[in-house]
1. Which of the residues that make up the range 145-174 are within 30 Å of Leu224 (Cβ to Cβ), out of contact with any strand residue (DSSP E or B) (no Cβ under 8 Å at 6 or more places or on another chain) and not small (Gly, Ala, Ser)?
2. Go through the range 223-275 and give me each residue that's among the aromatic types (Phe, Trp, Tyr) and open to solvent by less than 20 Å² (accessible area, probe 1.4 Å).
3. Can you tell me which of (1) exposed (fewer than 15 other Cβ atoms within 10 Å of the Cβ); (2) in contact with a strand residue (DSSP E or B) (Cβ under 9 Å, 6 or more places away or on another chain); (3) part of a loop (DSSP other than H, G, I, E, B); (4) modelled with pLDDT of 85 or more is the one Pro203 doesn't meet?
4. If a residue has to be part of a loop (DSSP other than H, G, I, E, B) and open to solvent by 40 Å² or more (accessible area, probe 1.4 Å) to count, how many in the range 34-70 make the cut?
5. Every residue in the range 24-52 that is at pLDDT 95 or above and not charged (D, E, K, R), please.
6. Residues in the range 71-89 that are in contact with a strand residue (DSSP E or B) (Cβ under 8 Å, 6 or more places away or on another chain) and part of a helix (DSSP H, G or I): how many?
7. Of the conditions (1) open to solvent by less than 20 Å² (accessible area, probe 1.4 Å); (2) under 20 Å from Leu46 (Cα atoms); (3) modelled with pLDDT of 95 or more; (4) not in a helix (DSSP H, G or I), Ala108 clears all except one; give me its number.
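The values are calculated or read from the model by the stated rules, or taken from the named source; none is laboratory data. No experiment lies behind these values; they were computed from the predicted model shown. Virtual Cβ from ideal backbone geometry, glycine too; neighbours counted across all protein chains shown. Side chains included, ligands, DNA and RNA excluded: accessible areas come from the protein's heavy atoms. Shrake-Rupley method; radii C 1.70, N 1.55, O 1.52, S 1.80 Å.
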Amino acid sequence: GATTDKTCVRRHFFEPQEVLQEIERFFEEGGKADYITLTGSGEPTLSLDLGLLIEECKRRLDVPVSVITNGALFGDADVRRELMAADLVMPSLDAARAGSFKVINRPAECVDLHEIIEGLKAFSREYEGRVWLEVLFVAGANDSDEDVEALAGVIEQIRPDRVQVNTVVRPGTDRQARAVCAGRLEEIAARLSSAAPTEIIAPASLRARSVPPADARRAVLETLRRRPCTADDLGAGLSIEPDRLSVILEGLVRDGRIMRVEHDGVDFYEASGAQ
């Protein structure tokens with residue numbers, strides 16, 4: 001949904017021990033993961049507990065830790081220091097020109113693109129783990145030749161281990177956001193690859209996990225509260241049979257808990273405001 005609280009002020013949001021206990025419970029119940037990924041319904045570096053969570057996850061569990069961040073606070077030396085303990089950091093940088101940056105990211109007034117770029121460069125020099133830079137291209141917003149050239153120049157200075165290029169693949173708050181065509185993405189990736197190893201990433205599928213029958217409706221609703229999904233996404237990610245999933249989705253739509261929306265000819269489901 002739309003961001004309603006734009007801020008650069010870091011604070012405590014949740015009790016860290018509750019978060020850690022939930023992660024530990026996942027593994028105790030047989031869960032497996034390639035990474036423990038810290039992100040959030042919002043920007044994770046706004047949490048003053050981020051450094052503690054990274055260090056405690058690494059101390060308690062033998063699983064690498066990654067952080068997905070919009071990069072907005074990389075100008076803050078404290079944020080960069082807290083991220084040092086992570087194994088993989090995935091910051092976003094969708095534009096290197098101020099005008100395009102504002103169009104696509106709509107940042108808080110306190111966010112400064114120059115500080116972000118300088119912070120990313122400093123972090124990349126100091127950090128011993130891996131940096132994967134994520135770039136989202138939106139047609140007409142940041143996909144011009146000028147935007148791509150400017151971004152390539154900055155990426156050469158940041159020197160990430162990898163650049164991941166994506167475009168609009170799910171319906172967002174702004175229904176006017178349009179995907180960049182495959183051919184143009186290929187051109188962009190080819191240009192950026194001269195600055196750093198670059199790949200075009202496909203829509204992420206939810207990792208399959210079995211959901212007990214009694215919990216299926218709740219699991220579907222919790223998943224859709226995080227992001228829109230197709231029925232195939234939900235079926236594969238939650239291991240729910242198609243017929244049963246159809247009944248669950250129809251019931252949630254009928255109850256007003258979720259909505260069906262079309263995006264580029266594909267039906268997605270997303271949580272409604274009536275929770």
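1. Correct list: Thr173, Asp174.
2. So the first thing to find is which residues in the range 223-275 are among the aromatic types (Phe, Trp, Tyr), and the list is 268-269.
The one that is among the aromatic types (Phe, Trp, Tyr) and open to solvent by less than 20 Å² (accessible area, probe 1.4 Å): Phe268.
3. It is condition (4) that Pro203 fails.
4. So in the range 34-70, the residues part of a loop (DSSP other than H, G, I, E, B) come out as 34-35, 39-43, 48-49, 61-64, 70.
Add one more test, that the residue is open to solvent by 40 Å² or more (accessible area, probe 1.4 Å), and what stays is 34-35, 39-42, 48, 62, 64, 70.
Selection size over the range 34-70: 10.
5. Once the filter is applied, which keeps residues that are at pLDDT 95 or above and not charged (D, E, K, R), the range 24-52 yields Tyr35, Ile36, Thr37, Leu38, Pro44, Thr45, Leu46, Ser47, Leu48, Leu50, Gly51, Leu52.
6. Of the residues in that region, 1 qualify.
7. The number of the failed condition is (3).
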